[in-house]
Amino acid sequence: MIAIFKKFFEFADKQKKVFYQCIVLSIVFAFFEALKIPAISIALDAFLNGKLEMNVVWKCLVIMLLSIIGGCIVKFGMTMRQTSAGFNMIRDKRISIGDHLKFIPMGYFNSNGLGHITSVTTTTLENMQESATTVIRSVIAGYISTALIAVFITIYDWRMGLIIIVGIILFLIVNQQMQKKTEKLAPIKAKEDSALAAAVLEYVQGIGIVKSYNLDKQTNQKLNGAIDNNKSINFNLEKTYVPYTGLQSLILKGIGVVMVAVSIYLYLAGGMDRLTCILMIISSFIIYGQLEAAGSYSSLLRILDVSMDMVNEIFDTPTIDTDGKAIAPDTMDIEFEGVDFSYGDRDILKGVDFKVQEKSTTAIVGPSGSGKSTIVNLIARFWDVNKGKILIGGHDVREYTLESLLKNISIVFQDVYLFNDTITNNIKFGRPDASIQEVKEAAKKACCDEFIEALTGGYDTIIGEGGASLSGGEKQRISIARAILKNAPIILLDEATASVDPENEKQLTEAIDALTREKTIVMIAHRLKTVKNAQQILVIDNGKVVQRGNHNELSAEPGIYADFIKMREASIGWKLEGGTMYE
């Protein structure tokens, strides 16, 4: 339990000081609560000895008012601090996770699904925001308050103090057993929460496929299974808690009964005076109130422990080195020197060497899975090489800060992602400080101004998550507008026109021409007319550069590129006539 408290205060980071203040206030609050006992003692003493006068009444009233008002003020301050610190702690964690994810190698996202990351940043942190601070404060305050009241009781009668201590020890034994049981189930709950988030996301993101292939029943079975599993683990947790919390309550109530019985016995046997006897009987009803509440909340400590582990796991994921220098290179040459790269145990690139001259175009072609996209991703330093180095302007990309490196690079992916925001803000993502006039100029160069203006909201149109309200070609052109606005000297094109229909291709080609003018270009392309104008063509196969040269040179030599040309020319020669296919 102490280890969990320690971990929590480390987790709280900037809010740690506020939570320490809450603990101090808990002690003060416990002191005010304990003041009720001397107030009751003074009143009983005066009443039993026939000395109940107004000065005694006022004295008791002042002590009770001090206890009540002081307790209310302290509790208010403690609650406000706790609530504020809790919200600020979770806010800071979410922002930190977002910042940290930007520097994590892309391979992390291959092994950790969107459901897991979503679950941690939403469900896990939301639960912590709702309960973590209350759990920690209530458990600590419960123990402190009970210990302080126990001290007051012991001052009056050491025998009652001993009984109270026995009750606390029995309570702790049961609580420890509950913690052990919860420790086994808490990781399962965390896993099922992630699985549920993943199942819901998969169902929603694939709803079009579900409908078109009438997979409703099969998909629902998976989602319903995740929901049922989540329900089961939560129910099992409750089944585990209830007997132990019930036993804790029974022990504390039972010790209260023992206090009453022993007090009466001692009084009747002459071993305790009447005042102390009555005071002990009254105290037996209030001594364990805070501790019982702490026992109920402590059942959530293991859940809190696992939740912190899940969040810390993200922060513990090694980042790409961010200790580089803010370099402004003199040229935009790109050079690969003996580059090896692998995803885990799977080798992707082996001994890759090539150079891209500044303001030239290099096209990369090759079979699927040969390593083309990996080359582009390594230039942008989405991963780090296992061996060799990649130079931009004569500097190893690992020498740059990521900010100074990526400032020089714009990337247009085949699969475009647009944010659930206005078209203006999606284009300004390339340069947030750009004016609306600059946004429109970029859109015109990317051949998307016309269709944007035709929309009901124009540039202020909210385009939906992932750009759901736009066609593939429209999304691609907006992404190109974004890259044009950024105006980086290096452009990486990852099959930007691979899946675009002929109608959009002309406009996309014009947009790409506007984007790439006077820039250093590295492009992955499958279309012959995109490749043939490149100054350098690299043919990649099984992670190696097997051919290099321009279109005329490579067309004249046998190999993958010549086969690529023949295949493309053959496919262009096919057409439909009268419902029959001819070449």
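A few points about this structure:
- Residue 369 at positive phi and without any contact (Cβ under 8 Å) to a residue 12 or more places away in the chain: yes
- Flag for residue 402 being touching a residue at least 60 places away in the same chain (Cβ under 8 Å) and outside the structural domain of residue 345 (by TED's automatic domain parsing): no
- Any hit, the range 237-245, residues being over 15 Å from residue 150 (Cα atoms), in the same structural domain as residue 48 (by TED's automatic domain parsing), touching a residue at least 12 places away in the same chain (Cβ under 8 Å) and surrounded by fewer than 18 Cβ atoms within 10 Å (Cβ to Cβ): yes
- Only one of the listed residues (102, 75) is basic (Lys, Arg) and at pLDDT 85 or above. That residue is 75.
- Only residues that are outside any loop (DSSP other than H, G, I, E, B) and closer than 19 Å to residue 512 by Cβ were counted across the range 376-417, and they come to 6.
- Looking only at the range 486-505, and only at residues there that are part of a loop (DSSP other than H, G, I, E, B) and at pLDDT below 70, the one that is surrounded by the most Cβ atoms within 10 Å (Cβ to Cβ): 496
- Whenever a residue of the range 268-292 is within 18 Å of residue 141 (Cα to Cα), its partners that are acidic (Asp, Glu) and assigned to a helix (DSSP H, G or I), lying with C-beta atoms within less than 9 angstrom and at least six residues away or across chains, give the pairs 286/33; 289/33; 290/33.
- Those helices (runs of 4 or more DSSP H) of the range 221-338 in which at least 2 residues are under 30 Å from residue 349 (Cβ atoms), considering only elements entirely within it, cover 301-316.
- From 411, 375, 392, residue being crowded, with 16+ Cβ neighbours inside 10 Å, touching a helix residue (DSSP H, G or I) at 6+ places or on another chain (Cβ under 8 Å) and at pLDDT 90 or above: 392
- Just so you know, in the range 418-456 the residues that are part of a helix (DSSP H, G or I) and in contact with a Ser or Thr (Cβ under 8 Å, 6 or more places away or on another chain) include one that is surrounded by the fewest Cβ atoms within 10 Å (Cβ to Cβ), and it is 436.
- Residue in the range 102-139 that is nearest to residue 308 (Cα to Cα), counting only those that are surrounded by fewer than 16 Cβ atoms within 10 Å (Cβ to Cβ) and among the aliphatic types (A, V, I, L, M): 114
- Test: residue in the range 97-118 that is farther than 30 Å from residue 346 by Cα and touching a residue at least 24 places away in the same chain (Cβ under 8 Å): no
- Taken over the range 236-266, the criterion of being over 13 Å from residue 170 (Cβ atoms) and among the hydroxyl-bearing types (Ser, Thr, Tyr) is satisfied by 240, 241, 245, 263, 265.
- The range 11-38, residues that are crowded, with 21+ Cβ neighbours inside 10 Å, closer than 16 Å to residue 144 by Cβ and within 31 Å of the chain's Cα centre (by Cα): 19, 22
- Residue within the range 519-537 that is out of contact with any strand residue (DSSP E or B) (no Cβ under 8 Å at 6 or more places or on another chain), under 28 Å from residue 433 (Cβ atoms), modelled with pLDDT of 75 or more and not in a helix (DSSP H, G or I) present: no
- Residue count, the range 322-365 (criterion: of a type in the set (Gly, Ala, Ser) and under 19 Å from residue 382 (Cβ atoms)): 3
- Residue 168 being closer than 29 Å to residue 307 by Cβ, of a type in the set (Val, Ile, Thr), at pLDDT 80 or above and within 24 Å of the chain's Cα centre (by Cα): no
- Taken together, 262, 258 contain a single residue that is surrounded by 17 or more Cβ atoms within 10 Å (Cβ to Cβ) and modelled with pLDDT of 80 or more, which is 262.
- Of the criteria (1) touching a helix residue (DSSP H, G or I) at 6+ places or on another chain (Cβ under 8 Å); (2) farther than 24 Å from residue 30 by Cβ; (3) assigned to a helix (DSSP H, G or I), which one residue 103 fails: (3)
The values are calculated or read from the model by the stated rules, or taken from the named source; none is laboratory data. Remember, predicted model here, so these are calculated numbers, not experimental data. In this analysis, Cβ positions are derived from the backbone assuming ideal geometry, glycine residues included, and neighbour counts consider all displayed protein chains.
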